[in-house]
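Comments concern the structure below.
The values are calculated or read from the model by the stated rules, or taken from the named source; none is laboratory data. What you see is a predicted model, and the numbers here were worked out from it, not measured in a lab. Glycine gets a Cβ as well: all are built from the backbone with ideal geometry, and neighbour counts include every protein chain shown.
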Amino acid sequence: MHLLLGILVAIIMFAIMVAVHEGGHFLAARAVGVKVNEFAIGMGPLILKKEKNGTLYSLRAFPVGGYCALEGEDTESEDEHAFHNRPAWAKALVLVAGPLMNFILAYVILAILITYIGTSAMPVLSSVEKDSPAYLAGMRAEDTITEVQGKATPDGNDVREAIHDAAEAGDSVMVTFEKPDGSINKKEIAFATDDNGNKIIGVMFRSHHNLLTGMKQGLISCFTMEKEMLVILGKMIIGQGSTQDVVGPVGIVTVVDQTTQAGPLNVFYLLALLSLNLGLVNILPFPALDGGRLLFVIIRAVTGHRITDEMEGRIHYAGILILFSLMILITLKDIHTFILN
């Protein structure tokens with residue numbers, strides 16, 4: 001039963017990400033005077049449709065994509081509102097708007113999540129797990145951690161990062177903490193391991209719920225996650241990555257199913273992560289992707305008419321074939337990894 005729920009949640013997540021992405025293209029196209037022939041959520045056979053102001057709005061059978069069909073995007077057109085008849089800056093704006101909207105979606109989700117969950121404005125403990133390493137070292141609720149590994153920790157996030165770094169470097173951490181009566185204690189605390197294999201000392205911090213803090217931390221989280229994605233992508237390009245780092249629709253549904261069982265907050269966090277992934281992948285300078293089309297806009301702005309619409313269209317068509325081939329291979333790999341094994 002939970003698998004059906006996971007599939008449903010995955011479909012909704014795909015629909016949200018695609019609607020936001022293609023909605024960015026749509027709004028930017030309308031803003032710069034480009035005619036939009038069709039705005040579609042999903043791929044394949046048509047399920048629902050409605051035409052308004054010259055644009056066909058459609059819902060299609062397979063919820064694994066979508067598109068915003070612009071007049072004159074891949075073919076020549078005499079229409080003055082065709083994509084290829086607009087100036088380079090307008091084309092660039094339309095192409096960048098999709099990935100940008102995915103980034104904005106992720107940022108809004110993370111900012112709300114961080115605000116709701118709260119951040120540790122002060123390194124004051126709200127609780128200490130009984131019989132945990134911290135408890136055995138004498139730490140209690142209302143104690144304040146002032147230093148980790150000899151370095152000052154002015155807020156709870158600093159403490160978390162310092163303890164995380166210490167856990168990666170060794171099996172213990174030096175913590176200085178102040179009691180409510182002002183007495184100072186300095187202890188070497190050995191890490192314990194939780195059910196997920198993470199090294200912990202067993203402390204919780206007071207939560208601080210502030211929208212401005214959530215907005216700031218949400219932006220930091222977005223850039224941190226994008227940086228990590230770029231590192232993984234770079235490793236794959238130079239042959240140091242693993243195919244296990246890449247999943248297609250089958251793998252994503254499996255991850256969504258597992259995440260759904262962990263609770264709604266985790267689902268929203270995963271949605272933010274997937275939205276950032278979608279935006280990053282689409283801005284890559286590969287034919288048929290937004291980044292590839294943007295690259296051609298720049299090249300044609302510099303070289304003039306040396307590259308025709310027909311030539312560019314053929315290159316993007318080849319890119320689509322390569323992307324579909326990769327998707328098939330990834331899907332087969334996912335079926336073997338997540339279903340057959």
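Would you be able to tell me the number of residues in segment 116-151 that are part of a loop (DSSP other than H, G, I, E, B) and either under 29 Å from the mean Cα position of the chain (by Cα) or on the phi < 0 side of the Ramachandran plot (or both)? Outline the logic, then answer.
Step one: of segment 116-151, the residues part of a loop (DSSP other than H, G, I, E, B) are 118, 120-123, 129-132, 137-143, 149-150.
With the extra rule that they be either under 29 Å from the mean Cα position of the chain (by Cα) or on the phi < 0 side of the Ramachandran plot (or both), the set shrinks to 118, 120-123, 129-130, 132, 137, 139-141, 143.
Number of matching residues: 13.
Among all residue pairs at least 6 apart or on different chains, which show Cβ distances below 7 Å where the first residue, located in segment 1-26, is in a helix (DSSP H, G or I) and the second is surrounded by fewer than 16 Cβ atoms within 10 Å (Cβ to Cβ)?
Short answer, once both residue conditions are applied: H2/Q261.
Restricting attention to segment 74-88, and to residues there that are among the acidic types (D, E) and free of Cβ contacts under 8 Å to residues at least 12 places away in the same chain, which single residue is nearest to A28 (Cα to Cα)?
Checked segment 74-88; the qualifying residue nearest to A28 (Cα to Cα) is E80.
Could you look through segment 298-320, keep only residues that are part of a helix (DSSP H, G or I) and among the hydroxyl-bearing types (S, T, Y), and pick out the one that is farthest from the chain's Cα centre (by Cα)?
Taking segment 298-320 as the starting set, the residues that turn out to be part of a helix (DSSP H, G or I) are 298-303, 309-320.
Next cut, among the hydroxyl-bearing types (S, T, Y) only: 303, 317.
Details: T303: 35, Y317: 27 Å.
Filtering first and then ranking leaves T303.
Quick check on this structure: which one of L323, L295, L276 is assigned to a helix (DSSP H, G or I) and touching a Pro at 6+ places or on another chain (Cβ under 8 Å)? Before you say what the answer is, go through the steps one by one.
On the way: L323 fails: touching a Pro at 6+ places or on another chain (Cβ under 8 Å); L276 fails: touching a Pro at 6+ places or on another chain (Cβ under 8 Å).
From the options L323, L295, L276, the qualifying one is L295.
Name, by its number, the condition in (1) in contact (Cβ under 8 Å) with a residue 60 or more places away in the chain; (2) exposed (fewer than 15 other Cβ atoms within 10 Å of the Cβ); (3) of a type in the set (G, A, S) that does not hold for G304.
(1)
Out of T193, T153, report the one residue that is of a type in the set (S, T, Y) and surrounded by 17 or more Cβ atoms within 10 Å (Cβ to Cβ).
Values: T193 fails: surrounded by 17 or more Cβ atoms within 10 Å (Cβ to Cβ).
Criteria check complete, one pass: T153.
Just wondering, is there one or more residues in segment 160-170 that are free of Cβ contacts under 8 Å to residues at least 24 places away in the same chain, over 23 Å from I220 (Cα atoms), of a type outside the set (S, T, Y) and in the same structural domain as I201 (by TED's automatic domain parsing)?
Yes, the conditions are met somewhere in segment 160-170.
Take T55 and decide whether it is surrounded by fewer than 19 Cβ atoms within 10 Å (Cβ to Cβ), in contact (Cβ under 8 Å) with a residue 40 or more places away in the chain and at negative phi. Lay out the reasoning, then the answer.
Values: surrounded by fewer than 19 Cβ atoms within 10 Å (Cβ to Cβ): yes; in contact (Cβ under 8 Å) with a residue 40 or more places away in the chain: no; at negative phi: yes.
For T55, the condition - surrounded by fewer than 19 Cβ atoms within 10 Å (Cβ to Cβ), in contact (Cβ under 8 Å) with a residue 40 or more places away in the chain and at negative phi - is not met.
Please go through (1) more than 30 Å from A162 (Cβ to Cβ); (2) small (G, A, S); (3) out of contact with any strand residue (DSSP E or B) (no Cβ under 8 Å at 6 or more places or on another chain) for A111 and return the number of the only condition it doesn't satisfy.
Here A111 clears every test but (1).
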